[in-house]
Protein chains: 2
Amino acid sequence: MLKKERHAFIMHQLNLHNKVLSNNLCTDMQVSEDTVRRDLHDLSFGGKLIKVHGGALSLSFSEVPFSSEKFYSHKNKKVIAEKAVKLIRNGMFVLTSGGTTIVEMARCLPPQLKVTFITGSIPAAKEYLMHPNAELIIIGGKILKDSKITADAEAISKVRQINADLCFLGINAIDIAHGITENDWNVVQMKKEMIGASTKVVCMTISEKLDTFQPFQVSELKQIDVLITELNPDDNKLKPYSDAGIYVL
Amino acid sequence: MLKKERHAFIMHQLNLHNKVLSNNLCTDMQVSEDTVRRDLHDLSFGGKLIKVHGGALSLSFSEVPFSSEKFYSHKNKKVIAEKAVKLIRNGMFVLTSGGTTIVEMARCLPPQLKVTFITGSIPAAKEYLMHPNAELIIIGGKILKDSKITADAEAISKVRQINADLCFLGINAIDIAHGITENDWNVVQMKKEMIGASTKVVCMTISEKLDTFQPFQVSELKQIDVLITELNPDDNKLKPYSDAGIYVL
DNA sequence: ATGGTATTTGCGGTTTTCTGCAATTTTTTT
DNA sequence: AAAAAAATTGCAGAAAACCGCAAATACCAT
């Protein structure tokens, strides 16, 4: 294993678990403790991670020194992302919205996976480009500055021409009565089309957005196939949704 | 086995496995270690792969554009970028290609400037999004993984519908005889359209690419309005171009 | 075809980098 | 406070990179 490969491997592990143990890395990469230590030292020197006794931590946690709120929601999104990537199979065409949860998912993709992603989100696109085996199709159009995605008439008409296997939506509000709701009219239109363009629809959200709603409806619950949160699937909060026929992960 | 063949072989292996070992290549291609090393060096210099101890890795491993060797060219690109932004006026519609020089320009934009950018480049788009007053329109389509821009039929037909005030092109080769040339067929088509879609065309390149050429022509010199390099405008190397009627900055 | 030019290639010797080992120091844990 | 785990340091063998040179090869114009 080459030095740079090891570095990439370490960073990947770090993106996945937010922490690595030197011991673990030794056995995983089949090198001596010293080599691992030196790798960690190099990466730490380059500001890519934080070295601690016995291993290293991901930067994303220390970037904002003391914001426990961010800390937990990020951690939760990571959990969601890890559940989500398991749904993706080789050769699939996957349509995705924007949002931090989606970006997190892009970072969790196993490197061998061969998938074609279709998205109008620039931050997500940037992540997909890092992946060695992912193909990428961009939905063009005028960018909404606040959500960093394309969502104008052109983008919507493009989505209409697509038939994807899977659609991942990061959502902002969901409840039994109103289904999925949003506060941005353009985003709503876009997501509606995305749902229509995909065989299966997967919604991802942190649990605090469960049982909330916003002005505009994106879709009814019955159009959703899978709902992913950071909670355990048999958590009480999720019962109403699984009762409504959604496969809860 | 000829040099070009070997290069092609190496790139092929790299696309397949994302990594190659010098030793392996020696035996596969039946040449000495030095030759392999020189091949790797050439390809690395051309930005086609990342050379590491013991072999090379596919570009998808690279996360850091500022890695050692590219330091100087980065400095030059900053100089170019600063000259370029001076050409942009409030209210303009600006079409841009991809490439590191363009990204550098995006970083140099004065914050008060109100401009609409139109691009198919994801890295450039990400930068434009950081700008407080820039609007952004994305040209959609399938992404070329190596250049990280959209350049398929769809993207080209979109560009054809545009009338921009200014077009910034990061170029890979320019000389008096062949004009602007490229080595990627799709990129060539895209840039051709971009030139046609703009009132004024600005080309940017580091001086080491002056007086070089590549397989496919993007445009004749006369279609270019402005040429920007890191050199002083009255440098001798630039004289042929200003003589050809180009405004040299 | 041919001869000259320029490029490319392989080799020997040297320098640099990488990696694992052992001894020592620091940190953590009990 | 002592024991255990991890970090640091120096070192040495091996592998790889680098440099200059001479031979071989490809290229070009005649």
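The values are calculated or read from the model by the stated rules, or taken from the named source; none is laboratory data. Nothing here was measured: the structure is a model prediction, and the numbers come from that model. No Cβ is skipped: glycine too gets one built from the backbone with ideal geometry, and neighbour counts run over all protein chains shown.
Some points to look at:
- Residues satisfying the stated conditions in segment A:1-34, i.e. of a type in the set (Val, Ile, Thr) and surrounded by fewer than 17 Cβ atoms within 10 Å (Cβ to Cβ): A:Thr27, A:Val31
- Test: residue in segment B:142-161 that is of a type in the set (A, V, I, L, M), more than 7 Å from chain A (Cβ to nearest Cβ) and surrounded by fewer than 18 Cβ atoms within 10 Å (Cβ to Cβ): yes
- Looking at B:Ile176, B:Ile171, just one residue is surrounded by fewer than 17 Cβ atoms within 10 Å (Cβ to Cβ) and within 16 Å of B:Glu220 (Cα to Cα), and that residue is B:Ile176.
- Pairs are defined by a Cβ separation below 7 Å, a sequence spacing of at least 6 or placement on different chains, a first member in segment A:41-61 that is under 10 Å from A:Met11 (Cβ atoms), and a second member that is among the small types (Gly, Ala, Ser) and in a strand (DSSP E or B); the pairs so defined are A:Leu49/A:Ala56; A:Leu49/A:Ser58.
Quick grid of which residues meet (1) under 22 Å from A:Leu144 (Cβ atoms); (2) surrounded by fewer than 15 Cβ atoms within 10 Å (Cβ to Cβ); (3) out of contact with any helix residue (DSSP H, G or I) (no Cβ under 6 Å at 6 or more places or on another chain); (4) of a type outside the set (Phe, Trp, Tyr):
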{"residue": "A:Ile180", "(1), (2), (3), (4)": "yes, no, yes, yes"}
{"residue": "A:Val188", "(1), (2), (3), (4)": "yes, no, yes, yes"}
{"residue": "A:Ile195", "(1), (2), (3), (4)": "yes, no, no, yes"}
{"residue": "A:Val201", "(1), (2), (3), (4)": "yes, no, no, yes"}
{"residue": "A:Leu227", "(1), (2), (3), (4)": "no, no, no, yes"}
{"residue": "A:Asp235", "(1), (2), (3), (4)": "no, yes, yes, yes"}
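- Taken together, B:Ile176, B:Ile171 contain a single residue that is in contact with a strand residue (DSSP E or B) (Cβ under 7 Å, 6 or more places away or on another chain), more than 14 Å from every other protein chain (Cβ to nearest Cβ) and among the β-branched types (Val, Ile, Thr), which is B:Ile171.
- On the stretch given as segment B:1-42, residues that are within 11 Å of DNA strand D (Cβ to nearest atom), modelled with pLDDT under 90 and in a loop (DSSP other than H, G, I, E, B) total 2.
- Residues in segment A:233-249 that are within 22 Å of A:Tyr72 (Cβ to Cβ), among the hydrophobic types (A, V, I, L, M, F, W, C) and assigned to a loop (DSSP other than H, G, I, E, B): A:Leu249 only.
- Qualifying residue in segment B:93-100 (condition: more than 8 Å from every other protein chain (Cβ to nearest Cβ), more than 16 Å from the chain's Cα centre (by Cα), buried (at least 18 other Cβ atoms within 10 Å of the Cβ) and at pLDDT 90 or above): yes
- Residue satisfying all of: in segment A:9-62; among the small types (Gly, Ala, Ser) and more than 13 Å from DNA strand C (Cβ to nearest atom); farthest from the other protein chains (Cβ to nearest Cβ) among these: A:Ser62
- Residue list for segment A:174-190, restricted to those being of a type in the set (A, V, I, L, M, F, W, C) and in contact with a Lys or Arg (Cβ under 9 Å, 6 or more places away or on another chain): A:Ile174, A:Ile180
- Candidates in segment B:101-128 are the residues that are of a type in the set (S, T, N, Q) and within 16 Å of B:Ser147 (Cα to Cα); of these, the one that is nearest to the chain's Cα centre (by Cα) is B:Thr101.
- Looking across segment A:115-129, the residues that are more than 8 Å from every other protein chain (Cβ to nearest Cβ) and aliphatic (A, V, I, L, M) come down to A:Val115, A:Ile118, A:Ala124.
- Residue list for segment B:202-221, filter: of a type in the set (A, V, I, L, M) and under 16 Å from B:Gly99 (Cα atoms): B:Val202, B:Met204, B:Ile206, B:Val218
- Counted as qualifying within segment B:178-232 are the strands (runs of 3 or more DSSP E) with 1 or more residues that are hydroxyl-bearing (Ser, Thr, Tyr) and under 24 Å from B:Asn163 (Cα atoms), namely B:179-182, B:198-204, B:216-219.
- Counted residues, segment B:130-141 - those being more than 9 Å from chain A (Cβ to nearest Cβ) and aliphatic (A, V, I, L, M): 1
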